[in-house]
1. log10 I(q)/I(0), Debye, Cα-only the range 9-118, no solvent, q = 0.10, 0.12, 0.18 Å⁻¹?
2. Just from its helices, what would the mean residue ellipticity at 222 nm be for the chain, if runs of 4 or more DSSP H residues each count -39500 (n - 2.57) and the sum is divided by every residue, rounded to the nearest 500 deg cm²/dmol?
3. Around M31, what is the net charge, scoring Lys/Arg as +1 and Asp/Glu as -1 over all other residues with Cβ under 12 Å from its Cβ?
4. If the chain between D218 and A182 were fully stretched, how many nm would it gain, using 0.36 nm times the residue separation less the Cα-Cα distance?
5. Against the longest alpha carbon principal axis of the chain, how many degrees, from 0 to 90 and to the nearest 10, is the axis of helix 12-24 turned?
6. How would R240, R246, R70 line up by accessible area, probe 1.4 Å, largest first?
7. Using Cα-only point scatterers and the Debye equation, what is log10 of I(q)/I(0) for the range 101-244 at each q in 0.17, 0.20, 0.21 Å⁻¹, rounded to two decimals?
8. So for each of 5-11, 24-30, 154-160 I average, over its residues, the number of other beta carbons within 10 Å; can you give me the resulting order with the highest mean first?
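The values are calculated or read from the model by the stated rules, or taken from the named source; none is laboratory data. The structure presented is a predicted model; accordingly, all values stated were derived computationally and were not measured. No Cβ is skipped: glycine too gets one built from the backbone with ideal geometry, and neighbour counts run over all protein chains shown. Keep in mind that these areas ignore ligands, DNA and RNA; they rest on the heavy atoms of the full protein, side chains included. Shrake-Rupley method; radii C 1.70, N 1.55, O 1.52, S 1.80 Å.
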Amino acid sequence: MSVPQAEAIIDLDAVRANTERLAAGTSAQVMAVVKADGYGHGMVPTARAALAGGATWLGACTVPEALALRAAGITAPVFAWLIAPGQVLAGAVGADIDLSAATVAGLDEVAAAARETGLTARVHLKVDTGLGRNGATVADWPDLLAAARRHVAEGTVDVVGVWSHFARADEVGHPANARQLAVFTEALATAESAGIRPELRHMANSPATLTLPGAHFDLVRPGIALYGLSPIAGDTFGLRPAMTLRASLVNAKRVPAGQGVSYGHTYTTERETTLVLVPLGYADGIPRAASSRGPVLVGGRRRVIVGRVCMDQVVVDVGDDDVRAGDDAVLFGPGDDGEPTVDDWAEVLDTINYEIVTRVGARVPRTYRGDGR
Ligand SMILES: *Cc1c(COP(=O)(O)O)cnc(C)c1O
C-alpha cells in the first residue's frame, strides 16, 4: 500500500482516551466540540471516537456542521449555536438538532421553524456573562426569557438549556472567571423566577473543564483537549496529541554555496549542501509566516524551513546528512520521536495550538489510526 505524499495522521485512540480522561474528571455530561472539521482532525471520525470515550453530546457550532453529523448517521444529541438571521432552520429542527438563541428575533426564527415542521424545537438560551461576544446581555436577558415563556406556552419551543462561555478560563484563578460564574448563577436565578428551569446548564470549555470544577454544572463543552492539545501552556494534563502532520520528501539534491532558495531568495546556502523539498505549503495550512521559522524533523534531526513557504512546498537544508527523496518529514506530532509538536509551531508563530491544527488544509488527506472504539 502506498503512503500518501502528505497526510495528517489522526490517532483516534488518543481522541477516545482524551475524552475518557475529561469524562473521568467530572460528574457532568461531556459535549465533544467537533466544530471546524473536528479542529482539523475530521469531524465525523473524531465525533465517533469522542462518543466512544464517554461523550454523550456533540457541539457543532453551525447548523450545516450539525446536519453533516446527522447525514453521517450519528444520532447522539447535537447542539449548534452560531446562527445568522434568515438561516433555514426547519431542517435542523426536523433533524433533532438543539439550537441556541441569544436574541428574541433569533428565538422567533427557531419557533417559526418549529411551527413549519409541526415539531417542538429544543432551545438553549445564551447569556453573555462577560465574554462580550454572542449571548443576551444581562439587561436583555429578561426579555429573552419572557419571549421563551411565550413560545413554550405555544408549544413551539422547549427550553432545554441555559448556557454561556468563558473569556479567560485559560488564565487559572483570574477574577474574570469568578465574575462570569457569578453572573451565570444570577442569570439562572432570573430564569427560574421567570419559570424557566433548564435541565442543562453549561459554560465550561476545555480549560474550565480541566481546572474549574465549579463551572461544570450539568454539561461541559471541551474542544481542544479532546484532540490532546492543552489550553493552558506548561501543563499537558496527561492529554495525548492526536494529529501528526507528515510528508514524503519530493526531492533531495546537492547544491553549491551561494544557491538562493525559494521565492525572493531570502536564504542563500553558505557552502555546498543538500536541499530537500517537503510537499506542503500555505495552501495546506503551513502559515507563510513560518518562512525561515517552522520546525521540521528530517533525517532524524530537527531543522527549520529555509526561505519562504510557497503555496505547495517548503525547502529544508540538511547539510551533509544522508537524506533522500522519499524519506519522511514530520512537521509536528506527539513528540515521541523528537518531532516538533503543535505547541512548538504555535510558539514559533506567536499563535495558539488551536490555529495550527484547524488550518491544516482540505488538500491534506486525513489518515486514521486506531479505531477509537
Ligand atoms: C469552541 C467552543 C468550545 C470549545 O472550546 P475549547 O477551548 O476548544 O475547549 C466550547 N464552547 C463554545 C461555545 C465554543 O465556541
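1. Reported log10 I(q)/I(0), two decimals: -0.31, -0.43, -0.85.
2. Working: 11 runs with 108 residues, N = 373.
That comes out to -8500 deg cm²/dmol.
3. Numbers: positive: K35, R221; negative: D98, D218.
So the surrounding residues net to 0.
4. Numbers: separation 36, 0.36 × 36 = 12.96 nm, distance 1.63 nm.
Length gained, D218 through A182: 11.3 nm.
5. Helix 12-24 sits at roughly 40 degrees to that axis.
6. Values: R240 95, R246 15, R70 50 Å².
Order by accessible area, largest first: R240, R70, R246.
7. These q points yield log10 I(q)/I(0) values of -0.90, -1.10, -1.17.
8. Values: 5-11: 21.0, 24-30: 17.6, 154-160: 19.3.
Averaged packing, sorted descending, gives the order 5-11, 154-160, 24-30.
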